[in-house]
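Read through the structure below, which is laid out as structure tokens, and then see the notes.
The values are calculated or read from the model by the stated rules, or taken from the named source; none is laboratory data. All values reported here derive from a predicted model rather than from experimental measurement. Cβ sites come from the backbone with ideal geometry, for glycine too, and all protein chains shown count toward neighbours. The accessibility values were calculated without ligands, DNA or RNA, using every heavy atom of the protein model including side chains. Shrake-Rupley method; radii C 1.70, N 1.55, O 1.52, S 1.80 Å.
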There are 2 protein chains.
Amino acid sequence: MLAEERRFRIREMLSSQRTLAASDLCAVLGVTAATIRRDLAALEHDGVLVRSHGGAVSRMSSTNFQPSYQTLSHVHSTEKHAIAREAEHLVLDGETVFLEGSTTVYELACCLNQRKRLTVVTNSPTIVCQLQRSTGVTVLCTGGDLQKDTFYFSGEWAQRALSEIRLDKAILGVSAIDIPYGVSTANHAEAQIKKMIMKAAKTRIALADHSKFGTQSFAYVGPVTDIDVLVTDSGTEAKYVKVLREMGIDVLIAGATGTKRKEQNTTYSNK
Amino acid sequence: MLAEERRFRIREMLSSQRTLAASDLCAVLGVTAATIRRDLAALEHDGVLVRSHGGAVSRMSSTNFQPSYQTLSHVHSTEKHAIAREAEHLVLDGETVFLEGSTTVYELACCLNQRKRLTVVTNSPTIVCQLQRSTGVTVLCTGGDLQKDTFYFSGEWAQRALSEIRLDKAILGVSAIDIPYGVSTANHAEAQIKKMIMKAAKTRIALADHSKFGTQSFAYVGPVTDIDVLVTDSGTEAKYVKVLREMGIDVLIAGATGTKRKEQNTTYSNK
DNA sequence: AGCGATTCGTGCAAATATGTACAAAACAAT
DNA sequence: ATTGTTTTGTACATATTTGCACGAATCGCT
């Protein structure tokens, strides 16, 4: 087998598997570990992957693209992950959904790679990159100005794109939710986009970990009753859950107990 | 057996096999390794294949399993890199430029991270992700439908965004350039986008390595005179350069020693 | 914190591939 | 037939790849 062929197959595997174990590669490709190591070194040099002890992690369509995302997602990452896993069941095959950029929604996007017949609209370049290899998912992007603080698109192009579509479901992260005040966010442009997403979707699903409750932020998005389904973690105080449910909102609590989650980047050997 | 027939059979084999081993070709065609090497060298120059240690890899998109970013990014990467470095000087601080998704243009985007006061518009999510951390660069994205084969945005949203802007410079990769026929590309949607980019820009800069010359592809983009500046590598035949210059096109040759054509993906240890 | 098991980096040697000079062979045209 | 051109085979020096080996670094587990 040609060296090129071998490396091509490694690339190929990386498009379906985010992580590869060096030992597995030795067995599958029939070469020694030294050769695999050299292959991985070469592919790392080409920017295809990032090596890690025992194997490698894909660099395309992964969180390695933006460190800001990584640093952010470390915060409450266990809860975010549980929330994403819970929200995944709300997305059905054949639907058209909006995924609004936010770290929690990004986690959700990672779960959707294997879906068939799903249309995703998003204002996040990171989510686009995450989903670009999944053949079963049609991806549309609003485009617009890239906000340097949040890494989402906003602005005129994004707004007009949103004004022209109707969605089965919109999934968005919220940065602040308060019962009397409503939902708010730090960025005015982001608030504008969130309002339009709300308007375009039949079902509005919000993801918020427990730290977001009872807080207010600069730019007002809308009342909490704009939300149809709210997914949060078990750390949220019961009083919030109770009041929201009384207001007719479907509150889902993601079970985050005991699931000791390790950092995504270092678990390369899992199948 | 005629040399022409031998090379035809190699082409034929490449349409069913992505890679060919030189040793296999010797056996099948009944000639020595030296002859096969000369054949492969000739076919490489014609842009049919890319040589690699021990054989060759098909370059024709129809046979490539995924003629995507990753597959092609290592092909002619030395030339692409040199071209990108050369084109970098054409982008000036303070300008508004369009970067059209293509592997060579992506290389260029990587060089622009440190710029101050630069506005970049692009239809490539990969380029957005590449530039999103650079504080000095304002990034806009056309949005649109994500093409699963090329990973660029196209479609209505992309077209309308392009119809509303005027650019100092547009930088695009070309997949096929032929003197009488003009510029063409494999994808119809991509050709549409390219046309609009051409229209929106005051100065149109095309990047093309030597293998693109003298080739035609499915979808017509426009005559070669649409191009103001063409950046290529030193492997391009002099006749093309001469004719294009006579037509008033500013042809820049990226400095690379013509004889030494090492494959980047096989040299991982240097530097 | 310590320890055994893996894994990593790398020098070395064998095998293989590459580029090229040169001669032989095939071909084309008078 | 002969002459000039192109192509192919041979030979050989150089370059690359790969497996093996061994010390160093890292990981997982107690």
Residue within the range B:163-185 that is buried (at least 20 other Cβ atoms within 10 Å of the Cβ) and within 14 Å of chain A (Cβ to nearest Cβ) present: no
Test: residue in the range B:225-233 that is modelled with pLDDT under 90 and surrounded by 23 or more Cβ atoms within 10 Å (Cβ to Cβ): yes
Residue under question is residue B:145, and the condition is that it be among the charged types (D, E, K, R) and open to solvent by 50 Å² or more (accessible area, probe 1.4 Å); does it hold? yes
Which ones in the range B:90-111 are surrounded by fewer than 23 Cβ atoms within 10 Å (Cβ to Cβ), away from every other protein chain (no Cβ under 12 Å) and at pLDDT below 90? B:111
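Here's the yes/no breakdown for (1) within 9 Å of DNA strand C (Cβ to nearest atom); (2) open to solvent by less than 20 Å² (accessible area, probe 1.4 Å); (3) more than 8 Å from every other protein chain (Cβ to nearest Cβ):
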residue	(1), (2), (3)
A:3	no, no, no
A:6	no, no, yes
A:9	no, no, yes
A:19	no, yes, yes
A:26	yes, no, yes
A:33	yes, no, yes
A:39	no, yes, yes
A:42	no, yes, no
A:53	yes, no, yes
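Pick out the one residue from B:100, B:107, B:88 that is within 22 Å of residue B:189 (Cα to Cα), acidic (Asp, Glu) and touching a helix residue (DSSP H, G or I) at 6+ places or on another chain (Cβ under 7 Å).
Exactly one of B:100, B:107, B:88 is within 22 Å of residue B:189 (Cα to Cα), acidic (Asp, Glu) and touching a helix residue (DSSP H, G or I) at 6+ places or on another chain (Cβ under 7 Å), namely B:100.
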Would you pick out the residues in the range B:112-129 that are open to solvent by 30 Å² or more (accessible area, probe 1.4 Å) and either of a type in the set (Ser, Thr, Tyr) or at the interface with chain A (Cβ under 9 Å from one of its Cβ atoms) (or both)? B:119
Report yes if residue B:208 is assigned by TED's automatic domain parsing to the domain that holds residue B:144, out of contact with any helix residue (DSSP H, G or I) (no Cβ under 7 Å at 6 or more places or on another chain) and aliphatic (A, V, I, L, M), otherwise no. yes
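Please go through the range B:234-250 and pick out each residue that is buried (at least 17 other Cβ atoms within 10 Å of the Cβ) and under 16 Å from residue B:182 (Cβ atoms). I'd like the intermediate steps shown before the answer.
Here is the first cut: in the range B:234-250, the residues buried (at least 17 other Cβ atoms within 10 Å of the Cβ) are B:235-236, B:240-241, B:244, B:249.
B:240, B:244, B:249, listed by residue number.
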So, in the range B:234-271, how many residues would count as being modelled with pLDDT under 80 and more than 16 Å from DNA strand C (Cβ to nearest atom)? 1
